[in-house]
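Read through the structure below, which is laid out as structure tokens, and then see the notes.
The values are calculated or read from the model by the stated rules, or taken from the named source; none is laboratory data. Please read all numbers here as calculations on a predicted model, not as lab measurements. Glycine also receives a Cβ, built like all others from the backbone with ideal geometry; neighbour counts cover every protein chain displayed. Only protein heavy atoms, including side chains, enter the accessible area calculation; ligands, DNA and RNA are left aside. Shrake-Rupley method; radii C 1.70, N 1.55, O 1.52, S 1.80 Å.
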Amino acid sequence: MPLPHYDASILPSSHPGLRKTWPQFTLLVLINAFVGGIVGIERTVLPLLSSTEFGVASQAAMLNFIVSFGLTKAWTNLLAGRLSDRVGRKPVLLAGWLIGLPVPIIIMLAPHWNWVVFANVLLGINQGLCWSTTVIMKIDLVGPERRGLAMGLNEAAGYLAVAMAAFGAGYLAATTALRPQPFWPGVICALAGLLISIFLVHETRDFTIIETRQSHVPNLTTEQPAFATILWLTSWRNRTLFAACQAGMVNNMNDGMAWGLFPIFFTLAGLSLAEVSLLVAIYPAVWGLLQLVTGIISDYVGRKWMITGGMLIQAVGLWLVLLTNSFWPWAGASALLGIGTAMVYPTLLATVSDVAQPIWRATAVGVYRLWRDGGYVVGALLAGILADTLGLHWAIGVVGLLTFASGLLCAFVMAESAPDKPRNGIAG
């Protein structure tokens, strides 16, 4: 699809760049915090709710709620990217909020565990549409030079909200009950996100027109490649995009394992619910906070070694959970896991944005996020099977080994993609 001809009067009044577009950028950061808040509530409460109220004994069966979430979110990411290129960003954002609004209400009223699994299907759609779209819109607004900063701010807002919601939900559960009190903040987040998106957020797709016309990159296309072409290029043909996709998938594989098994692992070790909620919150809190700096650092020092180092640090953090046996060492291991994830998460998104061309960038981001959030499915299934057959320690240890291997693969396969850095191997 060729770029349409736009009159200057209907192009955005500001060119891409955070200095000129910060009001809209700030609104999108706030919206992403609401997106993260909804999923954060589940991280502490649902694994415990499954056994205490619904009598789910099998780890694999319990982790079905993460499988349903990850599977729907992964495919919705792909859909969100393509729809954002075709119909615009804002309609996709609004659809995501409308679908996510009933999620906390369904969980509060659920008479059976299958209702919770269904609610997480809706949550996956909400997260896929809303989080993907806010990512794409921020990339549109900042232009090519500050993508790492943009992704750091985006992911920091989302995962700090995840951490605060996880801790807050755990506190409410400890002082009241597992249902319904911890889920009322989720209703507030969904309503706030929907209203801000309707009345204050503007469409950003036209910024890609400006970026394409101003770019000095040779052979920059003005036509949308076929969807299958972008899928193949992002998933396999371009080695840097392939490395980014597999690293994102493994990253969320270990996150899915931590989400489902850490609350149970720490509870079985004798910790109180308050201590478990704090440990569960430390990981996304460190992850979220450090992304304020790791994204912008990657703009200056490059992407490849941030990603490689981050994956290796995650593996060490997971193994330290197994090698220690009390609250403070576990807190340190959780923090180390958060440090590694903070190095990786915004940098992978920035890498995909560096390599993809503006006219098909949203679709490429959707493909990457398909593979990345598919890691929740792989992680939940693998961790559940290993935990049921070999025990929790084996599940955590194997996931740590796969994370370490993913970091080594990035070191050998990925090319540097950051602006003003050598770009050997980057496809146009």
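Out of T341, T347, one residue alone is open to solvent by less than 10 Å² (accessible area, probe 1.4 Å), part of a helix (DSSP H, G or I) and closer than 30 Å to A228 by Cβ. It is T347.
The rows are residues; the columns are (1) crowded, with 16+ Cβ neighbours inside 10 Å; (2) over 28 Å from F54 (Cβ atoms); (3) of a type in the set (G, A, S); (4) over 19 Å from the mean Cα position of the chain (by Cα).
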residue	(1), (2), (3), (4)
G81	yes, yes, yes, no
R89	yes, yes, no, no
V92	yes, yes, no, no
A95	yes, yes, yes, no
I99	yes, no, no, no
V103	yes, no, no, no
I107	yes, no, no, yes
N114	no, no, no, yes
F118	yes, no, no, yes
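Of all positions in the stretch 400-415, at least one carries a residue that is surrounded by fewer than 22 Cβ atoms within 10 Å (Cβ to Cβ) and among the β-branched types (V, I, T). If you take the residues in the stretch 316-331 that are open to solvent by 40 Å² or more (accessible area, probe 1.4 Å) and not hydroxyl-bearing (S, T, Y), which one is nearest to L408 (Cα to Cα)? Checking each candidate, the answer is V316. Residue pairs whose Cβ atoms lie under 7 Å apart, sitting 6 or more positions apart in sequence or on different chains, and linking a residue in the stretch 126-140 that is touching a residue at least 24 places away in the same chain (Cβ under 8 Å) and more than 13 Å from L79 (Cβ to Cβ) to a partner that is outside any helix (DSSP H, G or I) and open to solvent by less than 10 Å² (accessible area, probe 1.4 Å), are M137/T204; D140/T204. Does I313 satisfy the condition of being touching a residue at least 40 places away in the same chain (Cβ under 8 Å) and either closer than 20 Å to M249 by Cβ or open to solvent by 10 Å² or more (accessible area, probe 1.4 Å) (or both)? So I313 does not fit the description; no.
Looking at the stretch 36-49, which of its residues are over 11 Å from I66 (Cβ atoms) and touching a Phe, Trp or Tyr at 6+ places or on another chain (Cβ under 7 Å)? Give the steps one after another, and end with the answer.
Going residue by residue through the stretch 36-49, those that are over 11 Å from I66 (Cβ atoms) are 36-38, 40-41, 44-45, 48-49.
Those that are over 11 Å from I66 (Cβ atoms) and touching a Phe, Trp or Tyr at 6+ places or on another chain (Cβ under 7 Å): G36, I41.
Could you say whether any residue in the stretch 69-81 is of a type in the set (K, R), closer than 30 Å to T389 by Cα and at pLDDT below 95? Yes, the conditions are met somewhere in the stretch 69-81. Restricting the stretch 286-308 to residues that are among the aliphatic types (A, V, I, L, M), under 24 Å from A333 (Cβ atoms) and open to solvent by 30 Å² or more (accessible area, probe 1.4 Å) leaves a set whose member that is farthest from the chain's Cα centre (by Cα) is I297. Filtering the stretch 143-162 to residues that are open to solvent by less than 10 Å² (accessible area, probe 1.4 Å) and more than 18 Å from G124 (Cα to Cα) leaves G143, G148, A150, M151, G152, N154, A156.
Across the stretch 227-237, not a single residue is classified as modelled with pLDDT under 90 and open to solvent by less than 20 Å² (accessible area, probe 1.4 Å).
Being open to solvent by less than 40 Å² (accessible area, probe 1.4 Å), within 23 Å of A387 (Cα to Cα) and not basic (K, R) is the requirement here; does I66 meet it?
On the way: open to solvent by less than 40 Å² (accessible area, probe 1.4 Å): yes; within 23 Å of A387 (Cα to Cα): yes; not basic (K, R): yes.
So I66 fits the description; yes.
Yes/no per residue for (1) out of contact with any Leu (no Cβ under 8 Å at 6 or more places or on another chain); (2) farther than 30 Å from A228 by Cβ; (3) part of a helix (DSSP H, G or I):
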{"site": "A285", "(1), (2), (3)": "no, yes, yes"}
{"site": "V293", "(1), (2), (3)": "yes, yes, yes"}
{"site": "D354", "(1), (2), (3)": "yes, no, yes"}
{"site": "W360", "(1), (2), (3)": "yes, no, yes"}
